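Where a number appears in this text, it was derived from the coordinates with a stated rule and is not lab data. Here the structure is a predicted model, which means the values were calculated and not measured. Neighbour counts are summed over all protein chains in view; Cβ atoms, including those assigned to glycine, are modelled from backbone coordinates with ideal geometry.
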Amino acid sequence: MNVKLLTYTPSPDWVCATAAGMCTHRGPSTRVLRAAMKSGHTSVAEHAAFTFEIRGISRVTLQQLVRHRHASYSVESQRHVTIESLTEHCVIPESFDRLGVDVRPLLAELQHTYELLMAAGVPMEDARYVLPEGACTSLVLTMNARELRHFFRLRCCNRAQWEIRALADAMLVLCRQAAPVLFERCGAPCQCGEPCPEVRGCGHPRTPETAEVPDAGD
């Protein structure tokens, strides 16, 4: 997985602080923005947008990601982009390796079938039906800060699926670097010092320092 913050609203903390100050006839300041976020007036965070380049996630995680509807997505198309090597471009869960399950021969067989279908004249948009959910994809994603905060609250949780949690952790680190005030109390509820809302918690509360950016190619 490789996650980059391509661009974002210039001075996002200041822009959102200006919006918060406009509501109360106060000038833009860190204090005004913090007060707005703490009191739940998070609509001011919609004035800052963040655009990410995300490479090397599975179609499994893509399906979870696009459930967050207040966002814009441009995704690599399997109709127009040929999968060159599933054994190299497929997300394989660590649990497979821990249990000694090697799925690479199966991936190689699927790759061969995929290529045979296209060689026989099957359109690429039909041949892709044999590709697994673990096949890697890439995309450009844009969200505003309010939706990002909601996304992090759900997906940074230990109860979230491991791959989308790793993605959310990486995005949160980058957002904190770009807008430290907007994202200073952000992440799973336990990362914000709040009680766990889950019926069955994980029993291992996270801290704000838990999130890390995966290295390119991980």
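Considering only alpha-carbon pairs that sit under 8 angstrom and 6 or more positions apart, the relative contact order computed for the range 79-134 is 44 percent. Expressed in Å, the radius of gyration and Dmax of the Cα atoms of the range 1-58 are 14.3, 47.
Dividing the Cα radius of gyration of the chain by 2.2 N^0.38 Å, with N the residue count, gives 1.19. Taken about its Cα centre, the range 79-134 carries a charge dipole of about 60 debye when Lys and Arg each add +1 at the Cβ and Asp and Glu each add -1 at the Cβ.
Summing Cβ point charges (Lys, Arg +1; Asp, Glu -1) relative to the Cα centre of the chain gives a dipole of roughly 1260 debye. In order along the range 95-101, phi translates into HN-Hα couplings of 4, 4, 5, 4, 8, x, 8 Hz, rounded to whole numbers, per the Karplus curve 6.51 cos²θ - 1.76 cosθ + 1.60 with θ = phi - 60° and x for Gly and Pro.
Take every pair of alpha-carbon atoms less than 8 Å apart whose residues are at least six positions apart; their mean separation over the length of the chain yields a relative contact order of 28 percent. When V81, V122, V3, V199 are arranged by Cβ crowding within 10 Å, least crowded first, meaning fewest neighbours, the order is V199, V81, V122, V3.
Here is the P(r) of the range 79-134: all C-alpha pair distances, binned every 10 Å from 0, give 23, 51, 20, 6 in whole percents. Farthest towards the positive end of the charge dipole of the range 32-79, among the residues S72, A36, V60, is the Cα of V60, using unit charges on the Cβ of Lys, Arg, Asp and Glu.
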